[in-house]
Amino acid sequence: MYSIEIKAESGLTPESATQLIQLSQQIPELDRPLTSEVLNQRLQGKQCLILVAYVEGELAGFKLGYEQENAIFYSWLGGVASDFRRLGLAQSLLEYQETWARRQGYNHIQVKTMNRFPAMLNLLISNQYLITELKADPKNLVDHKLHLRKSI
């Protein structure tokens, strides 16, 4: 059994930005690198939640989200480094985010994913997220973008 710890922050710090950028480089699905500018643009001045997961003290995964509207929390980005998959980290991060959002007074969580990420899509559907919209890419089926939502 591994020692797993999840740390939460409600605002972006230089240290958390560095950790997120470093960790994002270990997640092959994230084909666009995270930068301080991107993080600041998405998170600054918004009610947000930054979750970072550690396994045996090593940086292993993250989940980022922010307020989209009054009662809607947007789960923006997350991932688990390849070396730490199959330990339940994505599920733990998702559950933490849902609990936190519910306690903050949000009624719904929204998320977007693509057909090319079947593990994420399966995780969301198995946690009662419902598809609310499909944005088709006529050139490539795997690039269809799916919008999902869950009442919490």
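The values are calculated or read from the model by the stated rules, or taken from the named source; none is laboratory data. Note that the structure is a prediction, hence the values are computed from the model and not measured. What goes into the accessible areas is simple: the full protein's heavy atoms, side chains included, and nothing from ligands, DNA or RNA. Shrake-Rupley method; radii C 1.70, N 1.55, O 1.52, S 1.80 Å.
Some values worked out for this structure:
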{"read-out": "DSSP-defined beta bridges in the chain - what % are antiparallel, rounded to 5", "value": "90"}
{"read-out": "Probe 1.4 Å, accessible area per residue of the chain, Å²", "value": "57"}
{"read-out": "q = 0.28 Å⁻¹: log10 I(q)/I(0) that the Debye formula gives for the stretch 49-118, counting C-alpha atoms only", "value": "-1.26"}
{"read-out": "Stokes-Einstein translational diffusion, the stretch 94-152 - Kirkwood Rh over all Cα pairs, 1.567 mPa s, 4 °C, in µm²/s", "value": "107"}
{"read-out": "Accessible surface of the chain [probe 1.4 Å, protein heavy atoms]: carbon and sulfur percent", "value": "47"}
{"read-out": "Nearest-10 value in Å² for the accessible area of Phe73, using the 1.4 Å probe", "value": "0"}
{"read-out": "Helix-only mean residue ellipticity at 222 nm for the chain, each DSSP H run of n ≥ 4 adding -39500 (n - 2.57), per residue, nearest 500", "value": "-8500 deg cm²/dmol"}
{"read-out": "Cα gyration tensor shape for the chain, rounded if a/c is under 1.5, else prolate or oblate", "value": "rounded"}
{"read-out": "Dimensions (Å) - the stretch 2-78, Cα atoms, principal axes, largest first", "value": "38, 25, 23"}
{"read-out": "Residue order for Glu37, Glu95, Glu9 - accessible surface, 1.4 angstrom probe, largest first", "value": "Glu37, Glu95, Glu9"}
{"read-out": "Lysine pairs within the chain, Cα separation less than 12 Å, 8 or more sequence positions apart or different chains", "value": "5"}
{"read-out": "For the stretch 1-66 and the stretch 126-152, distance of Cα centres in Å", "value": "23"}
{"read-out": "By accessible area with a 1.4 Å probe, ligands and nucleic acids excluded, highest first: order of Arg102, Arg42", "value": "Arg102, Arg42"}
{"read-out": "Normalised contact order of the chain, rounded percent, pairs of Cα under 8 Å and 6 or more residues apart", "value": "18"}
{"read-out": "Added length on full extension, which subtracts the Cα-Cα distance from 0.36 nm per residue, Thr132 to Thr99", "value": "9.7 nm"}
